[in-house]
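These notes are about the structure you will find just below.
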Amino acid sequence: MPTYETLPRFTSDLDRLTPEQRRKFRQTVAAFVEDLRAGGRFRAGLRIKRVQRATGIYELTWSMGTGPEGRATWQYGPALRPDTPHIIWRRIGTHDILTGP
């Protein structure tokens, strides 16, 4: 099981999401974790890509055009357990979070 941590800004962003946005995020994270467990090859539906001009930071996107828009930024952190990916969640919200990922 991958390990994770959240930055304070992520926690603040999460508190501002609607219940529907939080539900969509939880669904998306379930697929994200499944792909991490399977070796880190992410399915296309997660729309994972690097954030431009932000070295080592990625975004994952959901609900583009169907329901509330959502995205989260994250990065890999140092492994806390051998051979187990560690994720640092940085921001969550709409496209606006990319101004300070």
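The values are calculated or read from the model by the stated rules, or taken from the named source; none is laboratory data. All values reported here derive from a predicted model rather than from experimental measurement. Here the Cβ is made from the backbone with ideal geometry for all residues, glycine too, and neighbour counts use every protein chain on show. Please note that ligands, DNA and RNA were not included when accessible areas were found on the heavy atoms of the full protein model with its side chains. Shrake-Rupley method; radii C 1.70, N 1.55, O 1.52, S 1.80 Å.
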Q.
Filter segment 1-24 down to the residues that are touching a residue at least 24 places away in the same chain (Cβ under 8 Å), open to solvent by 70 Å² or more (accessible area, probe 1.4 Å) and not charged (D, E, K, R) and list them by number.
A. Met1, Tyr4
Q) Which pairs do you get when a residue that is closer than 18 Å to Glu69 by Cβ, found in segment 83-100, comes within reach of a residue that is at pLDDT below 90 and open to solvent by 40 Å² or more (accessible area, probe 1.4 Å), reach meaning Cβ atoms under 7 angstrom, with the pair 6+ apart or on two chains? A) Thr94/Glu69; His95/Glu69
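So that you can scan it fast, the table gives a plain yes or no per residue for (1) more than 20 Å from Leu7 (Cα to Cα); (2) open to solvent by 20 Å² or more (accessible area, probe 1.4 Å):
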| position | (1), (2) |
| --- | --- |
| Arg26 | no, yes |
| Ala30 | no, yes |
| Gly39 | yes, yes |
| Ile48 | no, yes |
| Thr55 | no, yes |
| Thr61 | no, no |
| Glu69 | yes, yes |
| Thr73 | no, no |
(Q) Among the listed residues Leu60, Leu14, Leu36, identify the single one that is in contact with a Phe, Trp or Tyr (Cβ under 7 Å, 6 or more places away or on another chain) and at negative phi. (A) Leu60
